[in-house]
Structures are given as structure tokens and as C-alpha cells.
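Contents: one structure, followed by commentary.
Values quoted throughout were computed directly from the atomic coordinates according to the rules given, and no laboratory measurement underlies them. What you see is a predicted model; the values in this text were computed from it and never measured. FYI the Cβ positions are ideal-geometry reconstructions off the backbone, even for glycines, and counts take in every protein chain you see.
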Amino acid sequence: MTLSMPINEKIKALRDIVGPENVMDSLPALLIYARDASPMRGKIPIAVVRPGSIEEVQEIVRWANETKTPLYPRSGGTSLWGAVPLVDGSVVVDMTRMKRVIEINEKNLCCIVEPGITFGELEAILARHGFRFLVSPENGIGGTVGGNFISHGTGWGCGPYISNQGDCVLGCKVVLPTGEVVTTGTMANPKAHGHFYRYAFANDLTGLFCGSEGTLGIVVELALKIEEMPGAMGFAAFGYDDIEDAGEAIYRVRRARIPTIYAYLSPSWTMNMLFPEKAPWQHVVKFVIEANTKEILDIELNRLIEIAGRKGTYLGAELAEETWRERYRWVGLFGYKLGMRAVLPVHIPIGEIAVYFKKIEEIASEVKEKYGLRVGAGSFMCDRSMVVVVVTYFDPSNMREAENALRAWNEIKSRIIDLGICPYRMGGLWADQMHKLGTYYELLKKLKKALDPNNIMAPGILGL
């Protein structure tokens with residue numbers, strides 16, 4: 001991708017659009033924006049620009065088309081899958097200035113927000129009105145609504161009827177690669193009374209941008225489903241000697257449609273590695289459920305204990321309740337216990353939990369023998385699938401160990417996709433695996449070319 005003007009002129013043009021205080025070009029800042037929370041190293045951008053309005057985003061995109069400058073949208077920077085600049089000469093578009101709650105529409109059970117707002121910020125605002133959103137990532141303090149949407153984010157709230165953030169979005173507003181603005185859902189009709197139905201006017205264009213990771217445009221507004229705060233919440237944890245029994249319990253709980261908003265599986269081999277002082281561990285499953293009333297909750301909690309306890313040991317409520325209480329911190333409390341993490345978030349079928357966990361455990365053992373690195377895994381329910389987070393731990397200050405972690409990371413991803421496991425947060429990490437999807441990948445490339453003829457939007461991400 002050729003650059004049609006000197007870098008200093010590009011930076012001046014960006015400052016003219018958003019103001020000098022909202023453009024960064026110092027090397028320390030650029031080095032930060034060349035990385036996310038993964039071990040993958042991106043290309044150092046020439047600048048970081050922080051728009052504060054839709055109009056500024058449009059101007060940036062139009063300018064990028066004129067100058068053939070690649071753009072990489074970014075918000076919290078907490079991604080774990082290589083959401084980094086992949087070509088030289090790029091500009092990172094930091095969306096964290098755009099963090100307003102534009103509207104809380106109680107009649108439509110909807111709120112409209114800008115993409116840079118974090119889940120922690122939004123949770124506090126909605127709670128004052130007696131509402132909540134439906135899904136948030138484990139890193140809700142730093143994770144943003146926009147970032148979670150464009151990466152098919154999952155997390156707290158996923159259960160029998162909700163699989164990811166996209167299920168909770170009624171519509172969005174996007175600045176396309178041409179600088180045009182499109183609104184999806186009911187508000188595609190300017191006379192509609194707000195966002196209230198996603199699947200209006202033929203194709204589901206909201207879904208086009210969900211998971212697109214910045215390759216098809218920059219999301220500037222999101223309409224989220226909201227609900228009243230639950231009347232009651234319940235907690236329960238169970239221990240299992242066999243992974244088959246743990247997997248079967250989760251499957252049976254899902255099949256019974258118990259209103260879980262979180263069901264987390266910690267396999268014994270990972271727990272023994274993380275907390276050897278308390279070994280040996282059983283396979284532990286923690287459930288968080290909710291209901292409108294205490295009476296209904298008691299019924300559902302009894303059903304849960306009966307189903308999940310058939311082949312497991314009831315461990316009480318404390319483990320699950322503590323996980324909920326620390327839900328925005330708990331990954332930090334143990335996730336980096338053994339060093340830096342190279343993470344592979346993937347989906348497996350909810351009816352084959354034991355099958356896949358046995359295969360992942362085998363791979364973990366082989367990686368440890370080959371590279372001297374420890375690999376763990378954890379998993380939580382997302383409707384008809386389980387998200388499995390496969391983690392390779394390493395010491396980032398040890399260059400050899402860091403290089404081995406990258407090799408192991410790439411080897412594991414290739415092996416698990418060939419097992420039929422489905423990644424969902426792709427970034428640059430999975431780009432070299434996209435060809436395995438055949439005509440699906442070819443269609444993605446055609447869509448990308450049609451919407452972004454100059455290929456300015458996040459080139460290289462998703463292999464596009």
C-alpha cells in the first residue's frame with residue numbers, strides 16, 4: 001500500500017481533523033498501540049488519532065481513502081488474539097473518546113451507546129435506572145462495548161438463550177470504508193420510533209458487522225437490549241471426578257433450560273497447575289442463575305442441584321458467588337498467575353465437552369514436553385456451545401521462552417482447528433488458517449473488496 005504524502009503532512013492533516021491534542025505520534029505511544037494484550041507484535045503505526053464524533057470518524061476515513069492510508073480501529077486494547085496493525089504506514093483509530101450513553105429508551109428496552117464505553121461504566125449508569133445489559137466480557141472494567149461486538153465477544157450473561165454480544169444488539173451505526181454512514185435494524189427507516197427489532201428490511205446487516213473486527217468499517221453507535229435487574233440470584237458449585245460427568249452435567253443443565261447466566265468449567269489438570277497447594281482438584285463447575293422472584297429462584301436452584309449433583313459433589317454456593325462478586329477481576333486474579341498468557345478462545349459443541357477437553361489435555365501435555373511451557377484451559381456455557389479458553393503461559397522477560405510461546409501458540413491453533421474446534425475472536429492470529437474455510441473465506445474476501453475497494457480498513461485482520 002503506497003503512501004501518497006510524507007508522514008509529517010499526514011499527521012498535520014489528522015490534527016486538523018481532530019485537534020492536535022487528539023493525535024499521538026511519539027514513539028512510546030506508538031509502541032503501545034502496536035500491541036494488544038497478546039504476545040503478537042504488530043507493525044508500529046505512524047500515528048494514533050482519537051476522534052470524538054461521527055463526523056470526525058467520517059473525515060478520517062475519507063482522508064485515508066484519499067491518501068491510501070490503512071486504518072486500524074481500536075478501543076480498550078485488551079484483545080488477546082492479535083488485533084494489531086499488520087501493515088506498515090498505518091494509523092490507529094482510538095475510539096475511547098466516544099463513550100457516551102446517547103439514550104436509554106425504556107419503552108423499547110434499549111440503550112444506544114458509543115463504542116468506547118466500558119461495560120463497567122455502562123453497568124453503573126444502567127443500574128441507576130433499574131436496568132442492566134445482557135452480556136459482558138470477564139474484563140468488563142477495561143473491555144468496551146464496541147470491541148466486544150466486533151469480535152463476537154461472550155462472557156457473563158451467556159446461557160440457554162444468549163451466545164454472544166451480537167445476540168444482544170438491535171442495530172448499529174457504522175462509518176463505511178467510503179466514509180458513508182449506514183444504520184441497521186429498524187432505524188434504517190429514519191421515521192421508526194427507535195431501535196426495537198433487528199431483523200428488519202431484508203438482510204441482517206447488523207450481523208454483517210458483528211465479528212468483522214474493523215475490516216468493513218468503524219462502528220460508531222450500538223443499540224443494546226436491556227432488561228430490568230433480576231429479582232434474585234443463586235449460586236452453586238460442584239466437583240466431579242470424571243470430565244465426562246462434568247460435561248454431562250453442564251449439558252443436562254442447558255437442556256433443562258435452567259436460567260444460568262454463567263456456567264464455568266475448571267478442569268482438574270488446570271487447577272492442579274494453577275493451585276498446586278490445594279491439589280488434587282476435582283473438575284469444578286460453577287453456576288450462576290437468576291430469576292424474577294426468590295420463589296422462582298428456589299425452584300430453579302433445586303432443579304440445578306438435582307441435575308448437576310447426580311454424579312457430582314455439591315460444594316456449596318461460596319465458590320460460584322465469589323466468582324460472580326469478582327467477575328470483572330477474577331481473570332486477573334488467576335489468569336496471569338503463571339506468567340504472561342498466549343490465549344486461544346474457541347467454541348466447542350456443548351454435547352461434546354469431555355471429548356474436546358481430553359484432546360486439549362493431550363495437546364497441553366505434548367506442548368509442555370516439546371517447548372517446556374505449561375498450557376491450561378477453562379470453559380463457560382454459550383447457549384449450544386462452550387467457549388474454551390486455551391492458555392499457554394510464559395515469561396515475557398525470557399526471550400527464548402517468549403519465542404517458544406509464539407511457536408506453541410501457532411502450533412496449537414493449527415491443531416485445534418483441524419479437530420473441528422471453531423475460533424471466534426480472530427484478529428491477525430488466525431489469518432493463516434482462514435483458507436481452510438474454502439468458499440466461506442472467498443465470500444468474505446468478495447464482501448471486503450466490494451465495501452472497501454482501497455483496502456484501508458484493518459488490512460490483514462481475518463486474513464483480508
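Once the Cβ-Cβ distance of ILE44 and ASP432 is raised to the sixth power relative to R0 = 25 Å, the FRET efficiency obtained is 0.70.
Relative to the 2.2 N^0.38 Å rule of thumb, segment 231-330 has a C-alpha radius of gyration ratio of 1.05. Too long at a 30 Å Cα-Cα cut-off: which of LYS43/LYS99; LYS225/LYS359; LYS173/LYS449; LYS107/LYS294; LYS413/LYS446; LYS173/LYS446? Checking Cα-Cα distances, LYS225/LYS359 exceed 30 Å. Charges only on Cβ, +1 for Lys and Arg, -1 for Asp and Glu: so what's the dipole of segment 101-228 about the Cα centre, in debye to the nearest 20? The calculation lands at about 260 debye.
Rounding to the nearest 20 debye, state how big the charge dipole of the chain is about its Cα centre with +1 on each Lys and Arg Cβ and -1 on each Asp and Glu Cβ. The partial results should precede the final answer.
Values: 51 positive and 53 negative charges, 115 e Å.
Once rounded to the nearest 20, the dipole reads 560 debye.
If R0 equals 25 Å, the separation of the Cβ atoms of ASN189 and LYS107 corresponds to a calculated FRET efficiency of about 0.90. Karplus-derived 3J(HN,Hα) values for segment 67-75, using 6.51 cos²θ - 1.76 cosθ + 1.60 with θ = phi - 60°, are 9, 6, 9, x, 10, 10, x, 8, 10 Hz; glycine and proline are entered as x.
Working note: Karplus 6.51/-1.76/1.60 with θ = phi - 60° gives segment 311-318 the couplings 10, x, 9, 6, 9, x, 9, 4 Hz, where Gly and Pro are set to x.
Would you please put 174-182, 160-168 in order of how densely packed they are, using the mean number of other Cβ atoms within 10 angstrom per residue and starting with the highest?
On the way: 174-182: 19.0, 160-168: 21.0.
Ranked by mean Cβ neighbours within 10 Å, highest first: 160-168, 174-182.
Neighbours of GLY130, meaning other residues whose beta-carbon lies under 12 angstrom from its beta-carbon, give a summed charge of -1 when Lys and Arg score +1 and Asp and Glu score -1.
For a protection proxy built on the mean count of beta-carbon atoms within 10 angstrom, sort 77-85, 29-37 highest first, please. Intermediate results must be reported in sequence, preceding the final value.
On the way: 77-85: 24.6, 29-37: 17.1.
Taking the mean over residues of other Cβ atoms within 10 Å, the ranking is 77-85, 29-37.
May I ask you to compute the full-extension gain from ARG252 to LEU27, defined as 0.36 nm times their residue separation minus their alpha-carbon distance, rounded to one decimal in nm? Before the final figure, lay out each step's value.
Working: separation 225, 0.36 × 225 = 81.00 nm, distance 5.34 nm.
Full extension from ARG252 to LEU27 adds 75.7 nm.
Mind pulling the angle between the C-alpha long axis of helix 243-255 and the longest principal axis of the chain? Nearest 10 degrees, somewhere in 0 to 90. The helix 243-255 is inclined about 70 degrees to the chain.
For the chain, the relative contact order comes to 16 percent (Cα pairs under 8 Å, sequence separation of at least 6). Scoring 49-56, 381-388, 190-197 by mean Cβ neighbours within 10 Å over their residues and listing the highest first yields 381-388, 49-56, 190-197.
Less than 5 angstrom separates the built amide H of TYR424 from those of HIS347, all sequence-distant by 5 or more or on a different chain. The H on the amide N of VAL220, modeled in the peptide plane, is under 5 Å from the matching H of LYS173, VAL174, VAL175, each at least 5 residues off or on a different chain.
Of the residues GLY247, TYR262, ALA291, the one whose Cα sits farthest towards the positive end of the charge dipole of segment 196-308 is ALA291 (charges of +1 on Lys and Arg Cβ, -1 on Asp and Glu Cβ, taken about the Cα centre). Only helices enter the 222 nm calculation for the chain: every DSSP H run of n ≥ 4 contributes -39,500 (n - 2.57), and dividing by all residues gives -10000 deg cm²/dmol, rounded to 500. By DSSP, the beta bridges lying fully in the chain are antiparallel in about 90 percent of cases.
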